Structure formats: C-alpha cells, structure tokens
Amino acid sequence: MFRGVCFGRWLAFVLLVWPVLAEAGHWAFVPPQKKPLPTVRNADWPSNELDRFILAKLEAVGVAPSKQASRSALVRRLYLDLTGLPPAPEESLAFVQDGSPEAYSLLVERLLASPYFGERQAQNWFDLARFADTSGYAADRTRNVSPYRDWVIDALNDNMPFDRFSIDQLAGDLVPNATSEQRVASAFHRHSMQAKGNNPRKEEFRVKGIVDRLQATGRTWLGLTLECAECHDHKHDPISQREYYELFAIFNNVPHLGTGYGVHGPMMQYMPREARLEQERLVKRLGEWRSKIGAIGQAKFPGLIGEWHSPTQVEDASQFSLAGSMTITAEIETTGAIGDIVSKYDWKAGERSYVFGVGGEGDEKSEPGKLFAWFSSERATFKGVVAYGSQRVDDGQPHHVAMVFEAGQSVRFFVDGIEDEAVRIDGPIPKTVAQSARGLAVGAGFENSSKATAFRFDGRLANVRLYDRMISNPSGLDLSKPEVAEYRRLTKRLTKAGGASIEVPVMDELPEPRETHVLVRGDFKKKGERVFAGVPKIMPALSTTNGASPSRLDFARWLFSGKQPLTARVAVNRIWQHHFGEGLVRTMADFGRYGDRPTHPKLLDWLAVRFAESDWDVKAMHRLIVNSATYQQASMRRTELGRVDPQNRLFASFPRVRLPAEQIRDGALAAAGQLSARIGGASVFPAQPAGLYEERGQDLPGNSNFKWQNSIGEGQFRRSIYTYWKRMMLHPVMSTFDAPTRQVCVAKRSVTNTPQQALVGMNEPAMHAAALALAKRLSKLGGDPEKVQHAFLLCFSREPDALELRQCLLFLEQQRKQRQLTGGDEWSALAAVLLNLDERLTRE
C-alpha cells in the first residue's frame, strides 16, 4: 500500500510538475554558452580544443583514447568524408610516404578546396531538402530541379556562410533585389510532394505541403518534432497546437495553382548553367567574327521613305500610311523590356495599322524583351496578324534589328543580320494594312491619345529606316563570304542556346496573405480560431519592422538571431554526425524532452558558439573536426571499451560506418576507372534492369510523364548524386543500400544489412560491369603480385599484407583451374570479391 501511494505521488509529480520544469530549463531551450576548456591530465594528446572535451570525459572513467589510425586509413577516411570518393593509388602512396608534420593538414586543405567537397556535403543536405526529380504520390511526375542541385553544390564549394545558405533557401525569393540564383535556392520548400491527377482534394494536399514544410524546417534547423503539434498540443515539448498554426501561417501564403495533372506551385523561367556557359562562349566568338565581317545595316536600299536618328513623332497621318509590304530596320541598345520602335497603332482608340518594337506593349501573349509586330487590315477592330520573336534584345548590347512584312505572305524578324527562324505567328497575314488616323511615332507608341507618350523606347535608338517594300536581306551582309557564313552559323547556335531555358519550381508569396486557422484535429475542413504568424513562446520573440506580420524572410533571419538556442547546435551536431556516424545528440531531429541528451553537452555548446562566432563558416567546422586527435583515432575496438562504453558514446575510438549507397556505387566506378569527373547538370539514368518500370507500373500515363532510357556514354558513369531520383521507385542500387525515397525530410539514414545487398553488389549490371572494368584495368600491369597490390590500393587505399596477398594468389589459382572447364576471367572474379568486401563498403 505504501509503495502504491509513493508511486502515485511520483506519477503525479511527473505528469504535473515535470513539464513545467522542463519548459523552464530543458537544456535545448537555453542559449549555448562558451565555457572554459576543461583541464586534462594528458596534455600531449589533444590536437585542438575539442579534444580536451573528449579527453576529460575519458579520463573521468579511466579510459585512454585509441592510438592514431594508420596513414592509409587516414587518407581514405579523409577522402571519403570530405569528397565522397576514395583516393587514387598514387595519392594514397604519396601521403603514406610523406612523414612531414604538415602533410595531414595540407591534405585537409586540398580536400576542402576540392570541387567534390560540395558534391559530398550536398548529398546529406538533399535528404533534408527532400530533393527528388519527381513530384511524388501516385502521379510521380518529372520536375526540373537540377538547377537547385547545382546551386547547393556551388554554395557549399564556395563556403557560403550557413546563415546565408539557409536564408536563401527559406526565403530567397523575398530577399531585397533577389537574383535568379536566390530564387532557385528558395526551392528547398518546393520539394514537398505534390499530388496531381483527377483528385478533387486540392486544398487538402496544399495543406499537406505546408505540414511537410513545417516538419522539414523543424528537423533541419530547430531539431524539433513540430509535426507532433498538428492535431493537438505537443505531448512532450512546450509547443501548443495554436503555436503550431502560428508557425503554419508563416508558410501559408505560397500560391497553389492549376488543376488535375497541372497542379503546381510558383514557377520561374531559368537558364541552366551549361546553357549560360555555352552562351558566354558563343557571344565571345561572335564578337570576334563580327569584327571580321564589318558593320551590319549600313547599306541603304531602294524604297527608303523615311530615316530617323532619334525618337520623334510625325504628325501628318497620311505621310507614312503604308497599305502593303514594308521593311523597318533600326540600331538599338536597351535594357527595357517594353518599347515601340515605330508605331501607327492605337488599339484603345480604334486606330489600328502597324507597329514594330520590343515587348508587345505589355500584352499578355507577348514576351518581354523580344521583338514583336502587329498588322491589322481594319482600324476599329483587330483583323490581322501578331508576330513575336524568340530572341531577347534587351540585354544592353548593341543590336541591328529588322522587321520584313510581305503583305499576305509573311512576317520576318532579323537580329544582327540573322533571321529569327522561331518567330511565333498568330492570325492570318493581311493583304492590306489599315490606314490609321495616328501619325508616325518613332521610339514611342500610342495609348488612346494622338500624342505618342506611351511605350517609350528606353535606350539608344538610331538609324531607324522605313521602306515601302519587302527587303529580303535587310542587313546588307554579303552572304557569299565565308566569314559571313561562319557568323550566321554561330548566331544560330547562340539563338538555340538562348532557347534552352527551363521552368523551375521556386517560392513566391500571394499579394494578400491567406487567413490561417487552427485545424481541429488537423482536419483541413474543420477550421477553428483564427491565428496569426508567430513562433512558440519557449523561443526568443520574432520581431519585425513596423510591427508587420512576420514573413518567411523574417523567420529565416530569426533562426540566426543572437539568442536562438537551437540553430547552431543542430547544425554542428549534423556536421559531427557526418564524420562520426552519430551526433553528440543521437536523435538528430529531436532535441526535445524525449530526444537523447548530448553525450558531451559542453562540447556541443562550445562548437555551436564557435560556429556562430566564425560567421557560420562551414568549412572551418569541418577543418576543426578532422584535424582533431579524436577524429584521427584508430577504429579497432578494444576489449575494455566493450565493458565501459559499448556504444562508443565517449568516442574512445573512431567508429566504423557503412558507406551510403552513393559512395558504394561511386567507389566501385572509381576503382574501375569509369567514374566521370563532370560536375553539375541534368540528372542521368544509369542502367537498370529492363522492364523494371513496367513491372512497377511506373510507365503508365497517370504515373509518370516519361519513360526511363538508360544513359549512354559518360552519363552512365556520373556520380550517384546526379542519378534521376524517382520517389515512387528509386534506382535499385540506391534503394538496396538504404538511400531514402525523400518523400519526407530525413535527418539520419537507416542502415540495414541484408542478403539482397550482397546479391546486388555482385550481380547488378553496373556493379558487375565495374568488376569487369577493374579486371581489365589490372590486366595492363605486370605479374600477379603487382596486380593484387594495385587492386588493394584501388579498393582499400592500402597494400595487402603477406597473408592477404597469399590468399588472393591462391584464389586466382583456384579460379584458373575451374575456368579451364567453364571459361571466363579469374581476375573479374577477384575484382568482384574485392569490390564487395566489408572493408570496401565501410569507412574505417
């Protein structure tokens, strides 16, 4: 009875008092403080400050740190952690043979500066960002997301400060004077899955998208399970349901457009990096060739009836009232997206005739910055043709432009002497042109007025010429000259490159914010009380200018405010986990009351404060960790540690970690000499078994908008980070070795050990081909011992010991005897074995 009473009182204390105490003092909600470094007895072991925190805990339990790992283990460890690729044999041997004190730190600096650093670190980030090439759910359709991948890789390689890296992704579209790159970065929260098809519950899935954004934000920056407060108050952490929907309001203003299979969020036209680089190369070459062919547009032709060198207006309406064919040429230099060059057209006043210019007077069917022309055979109502060019001419560069109208036949545009062959023509080309009561405007247009004050041309406008006939070659170039032919060829290539823009997902805000309500039990149809944007009270206040409602940009900046207790801790914990397999807080996405407590709380706080004080320098944090004695320990488990620290929470030795799926495949390609070094670009389609998509129903019109075609050439050997990521069916190698589908934010991957992994490693087409290629690579070397030694360097970054060498030579001898009957190559058998050994699949 007494025990029952005591237990009842204890339970009441836990249920009633503990939550209050936890809210007031839970470690994660207290801003980190940089406390003095701990004192240690073994002052010779630490390489830098973080080692003192590790050693102090080890000394407290009477355990010594492990000895330093071998140089071959260290070089492979560094390469895999910082670049995701194994070192080449010559790189391994050079480091092992270099006994200088600075060799290790110099290697660290070289790898941090490697362009492959960004690729490896981006791989972790993409699990958080839910980065995938498809929209998810049943209608798992392709999206253009490779520019976001390129942005993340470039940002990490450039060591963009983590605060800016985060703010651009959370609210790059809201940053003042946002660049197209910042808008591309904002796609972090456009990777939420999007239901498409004949689904009537459009609003439900819009809400699900915001729920996903809150979950990803909580896991990535706050280390909190915000999603637990969607339907009710959080059961463990001090976050009420009302506060959840106050956070929800911050993300509730993103446009949600379209219907059926066309449902989508905000989009933006974007030219991928490869197309931009091609454009830059072509522009440079064109400049060289243009100087060779001389001036364009200097020649005058019969039929010239007017010439102007600056904007003007001719009042006499009859003077240039052409009724048939005509040609207009001009020299322009502008950054204005809209502006008329020549006009006798005022549609608002019912005075239509002809107009030629840039941007289509802002008409919804026109495209800013591109040439346009309208011709109508009737004044009062439009009856005729509209023509829109395909090339932008508002780039601030000098251009010679021309429009050739052949009555009843054609409308043609020329830019710098080259015809635009992609002109868009809408409507019948009239045989006659209406006579407008407006005069002729040069450098402006008319808008319900006889004065040409609208659609002014902004920039240089000169040598405007009007002809009363069709001129077939308005540039006057001698088309028979070889240099002109080359110039035209390059211009056509430039035009093609200019049309390579794609539509990419970005974030955007509605002009007026949506109302946000608490959703009763999380049901989108049951709206409760109205709430306004805010953050949980357990957090520092989110202040805004002029007391306005907080925006996504305000929230993003708030994450990096001085008193924010979580952001820096979560970030450094993730970097620590990348190197040690486990974080100082093992529950990567849960720093709340039910998450693990940090194994080294003072070290976590010291790292967090140092990270913020370094202006969020990501590479500096990696540098600090990999230069530590803690990181350089051997990974051999010691008997005494099994008793004192079976889970290696004290970091008395370096943990062995199974490589991620991408590194398993990439390492095999690297050992085989097949791996492509190319960085960036569109996703690729490495070989997978024929008929796999059909078997899974992923080729049906409702389930996909493309068919898998195995890449050929270099594409089949790109790094796995560029593999097409289909959420409903990952590439078999990726899924077998535990890569996430990225349907939701993943802070830490699961690691399994299954028989299927061995089968895929030996028999999957690309892995088998890698073994064959490795065997072929070895065949170019000398005797069997030399080949085995080189194979070990390629696969394990070390040479074999005497026993391993004997075992491999014996294996080869046995294989030769067996294959005398069956045929085949004994070296491909050994290559397959080495590529699938535990040591190759593990980072020691």
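What the table below lists for this structure:
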item: Percentage relative contact order, segment 531-657, counting C-alpha pairs under 8 Å, at least six apart; result: 17
item: Trypsin sites (Lys or Arg not before Pro) restricted to segment 674-752 and DSSP loop, no more than 12 other C-beta within 10 Å; result: LYS707
item: Inter-probe distance in nm under a simple model that places probes 7 Å from Cα toward Cβ, at ALA138 and ASP478; result: 6.8
item: Cα-based shape type of segment 739-841, given that a ≥ b ≥ c are square roots of the gyration tensor eigenvalues and the cut on a/c is 1.5; result: prolate
item: Linear extension gain, ARG201 paired with ARG521, 0.36 nm per residue minus alpha-carbon span; result: 113.4 nm
item: Length-normalised contact order for the chain - Cα pairs under 8 Å, 6+ apart - percent; result: 19
item: Accessible area (Å², per residue) of the chain, counting only protein heavy atoms and a probe of 1.4 Å; result: 43
item: Cα-centred dipole magnitude for the chain, charges only on beta-carbon of K, R (+1) and D, E (-1), debye, nearest 20; result: 1760
item: Local electrostatic count, LYS602, Cβ distance below 14 Å [Lys/Arg +1, Asp/Glu -1]; result: +4
item: The chain: calculated mean residue ellipticity at 222 nm from DSSP helix runs of at least 4, using -39500 (n - 2.57); result: -11000 deg cm²/dmol
item: Sequence of LYS235, LYS619 when ordered by accessible area, the most exposed leading, probe 1.4 angstrom; result: LYS235, LYS619
item: Carbon/sulfur fraction of accessible area - the chain, other protein chains in place, 1.4 Å, %; result: 53
item: Spin-label model distance (nm) - GLU529 vs VAL644, 7 Å beyond Cα toward Cβ; result: 5.5
item: C-alpha long axis of helix 146-157 to longest principal axis of the chain, angle in °; result: 60
item: Sequence ranges 111-121, 541-551, 259-269, ranked by mean other-Cβ count within 10 angstrom, highest first; result: 111-121, 259-269, 541-551
item: Listed peptides 757-769, 808-820 by packing density, highest first (mean Cβ within 10 Å); result: 757-769, 808-820
item: Charge dipole magnitude, Cβ of K and R +1, D and E -1 - segment 424-513, Cα centre, debye nearest 20; result: 680
item: 21 Å Cα-Cα reach of LYS57 towards lysines, excluding residues that sit fewer than 8 places from it in its own chain; result: LYS34, LYS35, LYS67, LYS602
item: Computed accessible area, HIS234, all protein chains, 1.4 angstrom probe, square angstrom; result: 20
item: Crossing angle, helix 482-498 versus the chain [Cα axis fit, 0-90 degrees, rounded to tens]; result: 60
item: Difference of contour (0.36 nm per residue) and Cα-Cα distance, ARG456 to ASN546; result: 28.7 nm
item: Surrounding net charge for ASP81, when Lys and Arg each add one and Asp and Glu each subtract one, Cβ distance under 9 Å; result: +3
item: Segment 566-637-segment 385-460 distance, computed between alpha-carbon centres (Å); result: 62
item: Under 14 Å, Cβ to Cβ, from ARG557 - net charge with Lys/Arg +1 and Asp/Glu -1; result: 0
item: Proximal lysines relative to LYS365, as straight alpha-carbon distance under 22 Å, when same-chain residues fewer than 8 apart are discounted; result: LYS344, LYS348, LYS383, LYS496
item: Alpha-carbon centroids, segment 126-141 and segment 263-277: separation in whole Å; result: 17
item: Extension reserve of the THR752-ASP615 stretch, reckoned as 0.36 nm per residue once the Cα distance is removed; result: 45.6 nm
item: Given (1) 197; (2) 246; (3) 187, the label whose value is volume of the Cα convex hull per residue in Å³ derived from this model; result: (2)
item: Inter-label distance for ASP508 and THR312, nm, one decimal - labels placed 7 Å from Cα along Cα-to-Cβ; result: 4.3
item: Gyration tensor verdict on segment 212-261 (Cα atoms; rounded if a/c is under 1.5, prolate if a/b is larger than b/c, oblate otherwise); result: prolate
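The values are calculated or read from the model by the stated rules, or taken from the named source; none is laboratory data. These figures come from a predicted structure and were not determined experimentally. Glycine also receives a Cβ, built like all others from the backbone with ideal geometry; neighbour counts cover every protein chain displayed. Just so you know, the surface numbers come from the protein's heavy atoms only, side chains and all, with ligands and any DNA or RNA stripped out. Shrake-Rupley method; radii C 1.70, N 1.55, O 1.52, S 1.80 Å.
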